[in-house]
Ligand SMILES: Cc1cc2nc3c(=O)[nH]c(=O)nc-3n(C[C@H](O)[C@H](O)[C@H](O)COP(=O)(O)OP(=O)(O)OC[C@H]3O[C@@H](n4cnc5c(N)ncnc54)[C@H](O)[C@@H]3O)c2cc1C
């Protein structure tokens with residue numbers, strides 16, 4: 001452990017980025033103060049109670065990439081609580097009906113464009129166009145910085161709009177045309193360059209990924225990470241001030257770690273959680289949930305997660321015949337709209353609704369780093385997702401400690 005005696009640090013923002021940085025700095029011997037504007041810690045990782053069940057209200061899983069979050073969970077005493085999802089893969093809902101998402105893909109980009117599960121989604125013509133990717137030189141499209149431009153160039157607009165856009169919009173709430181390849185699919189461009197085509201790059205990355213699930217969760221919900229991080233901060237003597245909004249120009253003592261995602265709001269997301277009694281859902285008719293192809297008539301939701309199919313612990317907690325469903329929207333939905341969408345997407349009447357909640361979230365835009373004296377962590381610099389935020393916050397705190 002680095003000896004950072006005498007190092008004073010103020011961390012602004014108590015989401016996962018700020019909490020992980022503060023913990024790492026305190027473990028390294030720094031004297032740390034954390035200032036959080038809201039009335040609780042955790043930011044977008046938090047919980048709510050719906051139909052008497054404690055549920056994640058924001059993030060509910062994390063990418064297994066490099067084992068970073070699992071490692072954090074283990075160091076927080078939650079190692080035995082890390083669980084893989086159950087209940088099958090995701091489905092795609094299009095005007096023509098619902099189909100399982102292709103098995104070999106990354107952010108919806110197929111590794112084998114002519115595979116049966118790809119053709120089933122996009123049809124022969126679009127799959128055949130995507131095959132051109134394997135025939136044109138590997139350098140074509142390499143200069144494209146947006147994921148949309150890259151996929152359109154190599155595999156065509158059909159694959160982009162019918163496969164990649166629904167997956168990416170479900171995760172990032174933005175169209176692939178406005179998202180950088182390296183932010184959404186780290187390592188994909190390098191793999192494409194190495195292998196000579198986009199499909200081969202996808203297959204290569206899939207082969208290199210650790211066996212098992214691409215995401216994991218925590219029994220009881222990922223919000224438990226926040227409870228344990230907060231307990232550690234207390235244990236390591238970090239001073240935590242809740243309800244303390246820091247102005248951008250406010251002078252602060254010591255080194256400053258800026259973990260507040262105070263960039264312009266890029267998108268708003270509404271999550272509707274429904275707890276229903278419907279034994280027909282025991283069979284997981286749409287696996288762990290569905291992504292909706294943008295513009296599909298008759299459905300306003302972007303995505304649906306069947307929580308009690310996805311997480312075994314949640315199914316046990318809910319009890320037989322009772323189900324947790326979560327829908328996401330890019331407009332403010334009514335409960336009636338959400339209930340209609342859920343029935344259409346799951347292909348069955350909803351049954352008795354025994355609990356509902358609607359939560360609105362804002363998502364920050366990527367930050368353009370200026371040359372100031374602060375250290376930046378959090379989603380606006382690390383990229384979306386718990387795995388990115390945790391890995392980046394650990395790294396930045398380590399650099400700060402190393403001087
Ligand atoms: C609906 C939703 C679902 C998601 N699902 C997943 C998922 O399943 N898996 C996954 O990996 N990721 C998911 N994410 C993304 C993930 O939650 C985030 O990437 C991550 O939690 C961001 O952490 P953060 O610390 O950067 O930011 P935040 O969680 O945004 O925390 C920032 C904190 O800073 C505080 N703050 C802001 N301004 C100030 C100020 N001026 N002074 C003091 N404090 C301030 C805020 O109050 C907040 O607590 C989801 C996000 C959303 C919105």
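Among the listed residues 387, 364, 342, identify the single one that is within 15 Å of the ligand (Cβ to nearest atom), closer than 23 Å to residue 272 by Cβ and within 22 Å of the chain's Cα centre (by Cα). Steps first, answer last, please.
Working: 387 fails: closer than 23 Å to residue 272 by Cβ; 342 fails: within 15 Å of the ligand (Cβ to nearest atom).
Just a single option satisfies the conditions, and that option is 364.
Does residue 217 satisfy the condition of being farther than 24 Å from residue 366 by Cβ and within 18 Å of the chain's Cα centre (by Cα)? Against the criterion (farther than 24 Å from residue 366 by Cβ and within 18 Å of the chain's Cα centre (by Cα)), residue 217 qualifies. When only residues in region 70-86 that are closer than 11 Å to residue 225 by Cα and touching a residue at least 12 places away in the same chain (Cβ under 8 Å) count, which is surrounded by the fewest Cβ atoms within 10 Å (Cβ to Cβ)? Ranking the qualifying residues of region 70-86, first place goes to 77. Taking region 335-403 and the helices (runs of 4 or more DSSP H) fully enclosed by it, the elements with 1 or more residues that are modelled with pLDDT under 95 and touching a helix residue (DSSP H, G or I) at 6+ places or on another chain (Cβ under 6 Å) are at 379-382, 386-402.
Within region 176-190, being in contact with a strand residue (DSSP E or B) (Cβ under 9 Å, 6 or more places away or on another chain) and either under 18 Å from residue 328 (Cα atoms) or surrounded by 21 or more Cβ atoms within 10 Å (Cβ to Cβ) (or both) holds for 176, 179, 181, 185, 188. Among the residues here, residue 99 qualifies as in contact with a strand residue (DSSP E or B) (Cβ under 9 Å, 6 or more places away or on another chain) and without any contact (Cβ under 8 Å) to a residue 60 or more places away in the chain.
Among the residues of region 367-384, which ones are under 22 Å from the mean Cα position of the chain (by Cα) and surrounded by fewer than 16 Cβ atoms within 10 Å (Cβ to Cβ)?
Applying the first criterion (under 22 Å from the mean Cα position of the chain (by Cα)) to region 367-384 yields 367-368, 376-384.
Answer for region 367-384, where residues must be under 22 Å from the mean Cα position of the chain (by Cα) and surrounded by fewer than 16 Cβ atoms within 10 Å (Cβ to Cβ): just 368.
The strands (runs of 3 or more DSSP E) falling completely within region 31-99 that include 2 or more residues that are within 13 Å of the ligand (Cβ to nearest atom) and out of contact with any helix residue (DSSP H, G or I) (no Cβ under 8 Å at 6 or more places or on another chain) map to 31-36, 47-50. Filtering region 204-229 down to residues that are touching a strand residue (DSSP E or B) at 6+ places or on another chain (Cβ under 9 Å) and part of a helix (DSSP H, G or I), which residue is nearest to residue 56 (Cα to Cα)? Only one residue tops the list, namely 224.
Restricting attention to region 314-353, the residues being buried (at least 16 other Cβ atoms within 10 Å of the Cβ) and closer than 15 Å to residue 52 by Cα number 9.
Being outside any loop (DSSP other than H, G, I, E, B), touching a residue at least 12 places away in the same chain (Cβ under 8 Å) and within 18 Å of the chain's Cα centre (by Cα): is that true of residue 171 here? Answer is yes for this residue.
Regarding residue 357, is this residue within 16 Å of the ligand (Cβ to nearest atom), farther than 23 Å from residue 182 by Cβ and out of contact with any strand residue (DSSP E or B) (no Cβ under 6 Å at 6 or more places or on another chain)?
Numbers: within 16 Å of the ligand (Cβ to nearest atom): yes; farther than 23 Å from residue 182 by Cβ: yes; out of contact with any strand residue (DSSP E or B) (no Cβ under 6 Å at 6 or more places or on another chain): no.
No: the conditions fail for residue 357.
The values are calculated or read from the model by the stated rules, or taken from the named source; none is laboratory data. Keep in mind the model is a prediction, meaning the values are calculated, not measured. We place every Cβ from the backbone using ideal geometry, glycine too, and count neighbours over all the protein chains shown.
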